[in-house]
Every structure is written in structure tokens, then in C-alpha cells.
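Input: a single structure, listed below in C-alpha cells.
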Amino acid sequence: MIQKHNSAPPTRSDYIVDIRQGVLSFCRLLQGPPGLMPAVFLDRDGVVNRHIPGEYVTRWAEFKILPGVPTALQRLRRAGFRLLIVSNQAAVPKGFLKRDELIRITDISLRKFRDAGADVDGAFFCLHHPNEDCSCRKPKPGLLRVAADCFPTDFSKSFLIGDSIGDILAGAAMACRTIYLAAKPDASVPATHQARSLSEAVRWIISDQTPDSDEPRYKRSTRSQ
């Protein structure tokens, strides 16, 4: 089923695509039970796909899903979290990437995750230039607020995983616990936890469960928490 708003190009995914106030949003049509739920907010480049410093992903052939990511996302879903991608995409206002191509890359990637059993609930992209004084470009937390408008979120039980200080500051501003991904620990980054990969971060998130168990840490509920 295809739904679109604000002249967004058609997609072949099960998401509503919306562009307003400089934010590109993909919201999954099947959102599950209503009410507040915990979420894991995921930066995109460097967290779910390969990031080459100083370069942008400008076409699907450059979008390389990192090892272990689908399995890690599956574990988070089984643990009762919504999965929400939140990403700055300055390549669009800088002219390196057309908006329609970003929509195409996102559409394909979301279907790839779905086919791997790792459905992502939503993806939200700031399309503003870094020089613009917008409220959604990380380290400001506006992009998380936009995501929460679509998916009511219990931030006190939520996490943000990113590979930059800007990611960590955005999550902390919304009282999320934060996980910084890096090859080596960096004491200067004010994250709740640090990990080398998404898989390692997910193991920490669900570490209070019985080993090798994916019983929900936060059960999905039909009631607001």
C-alpha cells in the first residue's frame, strides 16, 4: 500500500511518507497497540549502515548494511521496543543528494530490514543545512520529538544509539539513555554507555534478561504507561 503527503514521490513500502518543515518522515502504517511505548532511536550512517568519514551515501549501491544489524534489530523488536531511525541528511541541502533519491534509498532499506524480519517502525531525516538554525538537526532534539508525534514514546524507558556526540546530546536532551558506538572508548563523550557495534549495544540494553532469552524487557501494552 502506498500513501504519500506533500508531493512526496511514490514508494513501494508500507509507510506513509511525509515532508514538512524540513523533515522527511517515514511512518509505518501498522503501528501496533496505542499508547506510550519504549523506543530505540537509531542514527543511520555508522549505526545501521557503513559510514565513510567525509562522504555521503548518495545512491543505493553505497548503502551497505553493517554485519549483525538485522539480528540486533530483531532482538530489540522481540524485547518490546519500537525502532526509529533519526538522521541528519545535510547531503540534500548541500546538493550532493536529491531528496527523491533519499526517499528511494530509505524505501529500499526499510524493505530490506522487513524482509530480514527486522521491521523498522519509522525513519526521520532532517533536511536542513548545518548553517540553518532549525530545531531538528542533532544535537538538538527536535527530530526525536517529530518521531514521538508519530509514535508516542516513553522516553524514560527509551534509548538512543549513535556514533557522534551530536547524537548523544540529542538523546540526553529527551532523557533517553544513550549509547555511543566507536571502535575505542572515548571518555569525553557523555554517553550512558559505549559499545563497538549495534550488536554489542543491544546486548547491553537487554543485559538484565536471562542469557540468550528474548523475553520482552518492556512488554507491549494496549494501555498508556
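The values are calculated or read from the model by the stated rules, or taken from the named source; none is laboratory data. Remember, it's a predicted structure, so these values are computed and weren't measured experimentally. Neighbour counts are summed over all protein chains in view; Cβ atoms, including those assigned to glycine, are modelled from backbone coordinates with ideal geometry.
Observations on the structure shown:
- Within the stretch 40-65, considering residues that are of a type in the set (A, V, I, L, M), surrounded by 14 or more Cβ atoms within 10 Å (Cβ to Cβ) and under 12 Å from Ser109 (Cα atoms), the one nearest to the chain's Cα centre (by Cα): Val48
- Matching entry among Leu110, Leu102, Leu127 (being aliphatic (A, V, I, L, M), under 19 Å from Ser199 (Cα atoms) and at pLDDT 95 or above): Leu110
- Single residue of the stretch 142-196 satisfying the filter (of a type in the set (D, E, K, R) and closer than 23 Å to Pro67 by Cβ) that is surrounded by the fewest Cβ atoms within 10 Å (Cβ to Cβ): Lys184
- Considered as a group, the residues in the stretch 66-79 that are part of a helix (DSSP H, G or I) and not basic (Lys, Arg) include one that is surrounded by the fewest Cβ atoms within 10 Å (Cβ to Cβ), and that residue is Thr71.
- Residue within the stretch 96-110 that is hydrophobic (A, V, I, L, M, F, W, C) and closer than 21 Å to Gly32 by Cβ present: yes
- Note on the stretch 153-171: residues that are closer than 18 Å to Phe81 by Cα and either assigned to a helix (DSSP H, G or I) or at pLDDT below 95 (or both) amount to 4.
- When residues in the stretch 80-91 are screened for being crowded, with 21+ Cβ neighbours inside 10 Å and not in a strand (DSSP E or B), 2 of them pass.
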